[in-house]
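S.K.: Sharing a structure with you now.
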Amino acid sequence: MAKAGDRQDTAGGSGEEAGVAQEAAEAADGTAAADGQDRPIKQRKNGLYPMVSDELAASMKSGWADTERRGLEPIAQAPYAAARRAALSARFPGERIVVPAGNLRTRSNDTEYPFRASTEYVHLTGDQTQDAVLVLEPREAGGHDATAYLLPRSDRENGEFWLDGQGELWVGRRNSPAEGEQLLGLPCKDVRTVADVLREATGPVRVVRGHDGGIEAALTDKTTGERDGELKVFLSELRLVKDEFEIGELQQACDSTARGFEDVVRVLDRAQATSERYIEGTFFLRARVEGNDVGYGSICASGPHATTLHWVRNDGPVRAGELLLLDAGVETRSLYTADVTRTLPVDGRFSPLQKKIYDAVYDAQQAGIDAVKPGAAYRDFHEAAQRVLAERLVEWGLLEGPAERVLELALQRRWTLHGTGHMLGIDVHDCAQARTEAYVDCTLEPGMVLTVEPGLYFQADDLTVPEEYRGIGVRIEDDILVTESGNRNLSAGLPRRSDEVEEWMAGLTA
Ligand code: GLY
Ligand code: MN
Ligand code: MN
């Protein structure tokens, strides 16, 4: 379908009409119609507008109903986002804080990648508007005033709403700033004014970098990489302990994910007739219907592909007798993601060797989960899981003991390969900018949510293991909430023990 900016050979017209078209194009471009607003409306650059007669231009300006919504209820996340902003305000008194949502990225010509607002902006507002910017303005009396600068409704006067490829007629209705204010529970203004506001601002400023080049450019000479880095670290650490809303969302993500895994088990016969892509597509359907998306590229790894840690090509065969390693997570509409792995026998029954390896990983995972509790060191669950795996590898004769020596030299890593888990939240690898002392060297606290995901991977070309081990990969991954008294497995809706997995699969395919 041709968009407004596409050349249309049928769009002839008189010279007068062509002049109107040019005027409309410039107006929608935002450069000619900037009216002092130097943050132009996003505009297609790749073609001519069709001719627009004066009559048509006049017609498109009027005759539209007032659809402004009033009396909207705030989103459920609004009070939680306010509390997060209060913590940010307390950390940086007297400083202006700027948190952009980010912009669309072009895929080609007038086609964009799906927009995903920055993690920091979503966490601090609950909003996902593209191009938006949250600003915390310091008050003289202390504290900050927060304003969300939002992309407003499309302008009908200058034709933007129907001539611009990002106009509402093309991409759908947006919330007006007044509607945003009711929904988010904080003052909202037109984002096209924010660059001027920031340029004119005096005093110290920090910006979350990496999301909006235009905003960063407006703040050149006002910020430093070091100070902005501190802001990013603080916001990453602010997400280490989840609030009640976030825990509810993560539970919902895990519940949807469990349903997605059930969907996959039900279509394993069709996957065998096609490829791993059938599994990816099946899970994706659940993610899109119940949530926003998958939280990361689904790993649908059958047979030897299971030994490739991030196998996302998903173009291989699915064969009876092999194991399917499925690592996938539904992301909720509020953008919280699950991260769950199950390793399933494609034909529903583990072979004795597959079961031996699976049960070792299960025991390691159970030891890891048992080590997740308030007051424990973050490293404890990793060490507990690795110890079990090292002992098994010694027992199987793959490594020379004792296990203490193996662990000291980390020799098990040839087959365990990766760390045993990570924090989880809006990002699948959440809180990644947190300082070592706040994350990997931290003490677990109630409200933290982390994955426990040990694995064993015997590469197909690994000559150091007996031939029958080669090409077998097993990972089991669950999402664990630290509670006051221990932990809660948010993904317990899916079975983990090998006999329970077989029983569950049989029940779904009977
Ligand atoms: N799905 C990536 C991971 O488990 O960390
Ligand atoms: Mn993970
Ligand atoms: Mn995973």
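The numbers here are math on the coordinates, done by the rules we state, and not lab data. Remember, predicted model here, so these are calculated numbers, not experimental data. Cβ sites come from the backbone with ideal geometry, for glycine too, and all protein chains shown count toward neighbours.
S.K.: How many nm separate the modelled label positions at residue 506 and residue 111, each set 7 Å beyond the Cα in the direction of the Cβ?
M.R.: With each label placed 7 Å out from Cα toward Cβ, I get 4.8 nm.
S.K.: Same structure again: Of the lysine pairs in the chain, how many meet both conditions: Cα atoms under 30 Å apart, and a spacing of 8 or more in sequence or different chains?
M.R.: Here the count comes out as 20.
S.K.: How high is the FRET efficiency between residue 266 and residue 230 when r is their beta carbon distance and R₀ equals 56 Å, given to the nearest 0.05?
M.R.: On the way: r = 49 Å, r/R0 = 0.88.
Efficiency, rounded to the nearest 0.05: 0.70.
S.K.: I've got another one for you. Quick check of the Kirkwood formula: for segment 319-402, what is the inverse mean of 1/r over all pairs of different Cα atoms, in Å?
M.R.: Working: mean 1/r = 0.0666 Å⁻¹.
Result for segment 319-402, one decimal place: 15.0 Å.
S.K.: Placing one identical point scatterer on every Cα of segment 315-468 and ignoring solvent, what is log10 I(q)/I(0) from the Debye formula at q = 0.08, 0.18, 0.21 Å⁻¹?
M.R.: Log-scaled intensity ratios, in q order: -0.27, -1.20, -1.39.
S.K.: Give the range of the longest stretch in the chain that excludes all chymotrypsin sites (Phe, Trp or Tyr not before Pro) found in loop regions by DSSP and having at most 16 other beta-carbon atoms within 10 Å. Please report the intermediate quantities before stating the final value.
M.R.: Numbers: sites that count: 64, 115, 396.
Result for the longest clean stretch: 116-395.
S.K.: OK, next. Kindly state, as a whole number, the per residue volume in cubic angstrom of the convex hull around the alpha carbon atoms of segment 180-316. Walk me through the intermediate numbers first.
M.R.: On the way: hull volume 25.8 nm³, N = 137.
Considering the Cα atoms of segment 180-316, their hull volume per residue is 188 Å³.
S.K.: Further, regarding this structure: Among 431, 300, 442, rank each residue by its count of other Cβ atoms within 10 Å, from fewest to most, as a rough exposure measure. Write down the numbers at each step before the final one.
M.R.: On the way: 431 25, 300 30, 442 19.
If I rank by nearby Cβ atoms, fewest first, I get 442, 431, 300.
S.K.: Taking Cα atoms, how many degrees apart are the long axis of helix 15-29 and the longest axis of the chain, rounded to 10 and kept between 0 and 90?
M.R.: For 15-29 against the chain, the angle is about 50 degrees.
S.K.: Hey, could you pull the Cα Rg and Dmax for segment 281-321, both in Å?
M.R.: So, for segment 281-321, Rg and Dmax equal 11.7, 34 Å respectively.
S.K.: In the chain, which longest range has no GluC sites (Glu not before Pro) that are both DSSP loop (not H, G, I, E or B) and surrounded by at most 12 other Cβ atoms within 10 Å?
M.R.: Numbers: sites that count: 68, 140, 157, 400, 484.
For GluC sites (Glu not before Pro) (loop position, at most 12 other Cβ atoms within 10 Å), the longest site-free span of the chain is 158-399.
S.K.: Convex hull over the Cα atoms of segment 360-437, averaged projected area in nm²? Show your work: numbers first, answer last.
M.R.: Values: hull surface 24.1 nm².
Dividing the Cα hull surface by four gives the mean projection, 6.0 nm².
S.K.: Which value, in Å to one decimal place, does the Kirkwood hydrodynamic radius take for segment 93-232 when every pair of different Cα atoms is included? Don't skip to the answer; put the middle values down first.
M.R.: Details: mean 1/r = 0.0633 Å⁻¹.
It works out to 15.8 Å.
S.K.: To the nearest 10 degrees, how steeply does helix 244-266 sit against the main Cα axis of the chain, on a 0 to 90 scale?
M.R.: That works out to roughly 70 degrees.
S.K.: Report, in whole Å, the centroid distance computed from the Cα atoms of segment 441-510 and segment 300-370.
M.R.: 8
S.K.: Regarding the chain, what whole-number volume in Å³ per residue does the convex hull of its Cα atoms give?
M.R.: Numbers: hull volume 95.1 nm³, N = 510.
Output value, Cα hull per residue: 186 Å³.
S.K.: Sticking with this structure for a sec: Picking from 417, 218, 464, whose Cα lies most toward the positive end of the charge dipole for the chain (charges on Cβ: Lys, Arg +1; Asp, Glu -1)?
M.R.: Projecting each Cα onto the dipole axis, the largest value belongs to 464.
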